[in-house]
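Below: the structure, in structure tokens.
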Amino acid sequence: MMDNLLSIPETMLPEDPAAARIDAGEDPASVAADLPSSSLPWAVLAERALDGGRSIEGYAYARTGYHRGLDSLRRAGWKGQGPVPWSHEPNRGFLRALGALSQAAGEIEETEEEQRCRTFLVDSSPEAAQQLLG
């Protein structure tokens, strides 16, 4: 677990317009098509695929959400390290995609990727890791 000994500031993503649409029950595939740069619909699609036993599909969705999230984090000033708090709602799409990517990688026996993503999630947000990985 990262203790942020270097006092790296937390990264707070801006409000995600996909969140209201997902919360309203809109199909995440439609939301992803309209807002492809948002991690949240990709994370939801990944979680649903994984829950349905579709590991490869879940991996693809999660990887897309993860990379979209990295882009968003960089635009928000993230320099490749530091906290990405779960408590800040707009960060949850990225964190959920990262958690789903770890899970999907484990399901397809990509153990190095699974561990890298798990470590990244714990280092970014211990609370997210607890919520998403147990």
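Exactly one residue out of ARG21, ARG68, ARG75, ARG116 is under 24 Å from GLY134 (Cβ atoms) and of a type outside the set (A, V, I, L, M, F, W, C): that is ARG116. Can you name every residue in the range 1-20 that is open to solvent by less than 60 Å² (accessible area, probe 1.4 Å), modelled with pLDDT of 95 or more and either among the basic types (Lys, Arg) or closer than 13 Å to PRO85 by Cα (or both)? Result: THR11, LEU13.
Just checking, does the range 102-112 include any residue being surrounded by 16 or more Cβ atoms within 10 Å (Cβ to Cβ), out of contact with any Leu (no Cβ under 9 Å at 6 or more places or on another chain) and among the hydrophobic types (A, V, I, L, M, F, W, C)? Yes; the residues of the range 102-112 include at least one that is surrounded by 16 or more Cβ atoms within 10 Å (Cβ to Cβ), out of contact with any Leu (no Cβ under 9 Å at 6 or more places or on another chain) and among the hydrophobic types (A, V, I, L, M, F, W, C).
How do the helices (runs of 4 or more DSSP H) wholly within the range 87-134 filter down when requiring 2 or more residues that are of a type in the set (A, V, I, L, M) and touching a residue at least 40 places away in the same chain (Cβ under 8 Å): which remain? Quick ask: steps written out before the conclusion?
Numbers: elements: 92-107, 111-124, 126-133.
Hits in the range 87-134: 92-107.
Pick out the one residue from ALA62, ALA29 that is surrounded by 21 or more Cβ atoms within 10 Å (Cβ to Cβ) and either out of contact with any Leu (no Cβ under 7 Å at 6 or more places or on another chain) or at negative phi (or both). None of the others qualify; the one that does is ALA62.
Here's a check for you: in the range 57-86, which residue that is of a type in the set (Gly, Ala, Ser) and in contact with a helix residue (DSSP H, G or I) (Cβ under 7 Å, 6 or more places away or on another chain) is farthest from PRO14 (Cα to Cα)?
Kept after step one, since they are of a type in the set (Gly, Ala, Ser), are these residues of the range 57-86: 58, 60, 62, 65, 69, 72, 76-77, 80, 82.
Still in the list and also in contact with a helix residue (DSSP H, G or I) (Cβ under 7 Å, 6 or more places away or on another chain): 58, 62, 65, 69, 72.
On the way: GLY58: 25, ALA62: 20, GLY65: 16, GLY69: 12, SER72: 9 Å.
Checked the range 57-86; the qualifying residue farthest from PRO14 (Cα to Cα) is GLY58.
The values are calculated or read from the model by the stated rules, or taken from the named source; none is laboratory data. Since the structure is predicted, the reported quantities are computational estimates derived from the model, not experimental observations. Every residue, glycine as well, gets a Cβ built from its backbone with ideal geometry; the counts of neighbours run over all protein chains shown. The accessibility values were calculated without ligands, DNA or RNA, using every heavy atom of the protein model including side chains. Shrake-Rupley method; radii C 1.70, N 1.55, O 1.52, S 1.80 Å.
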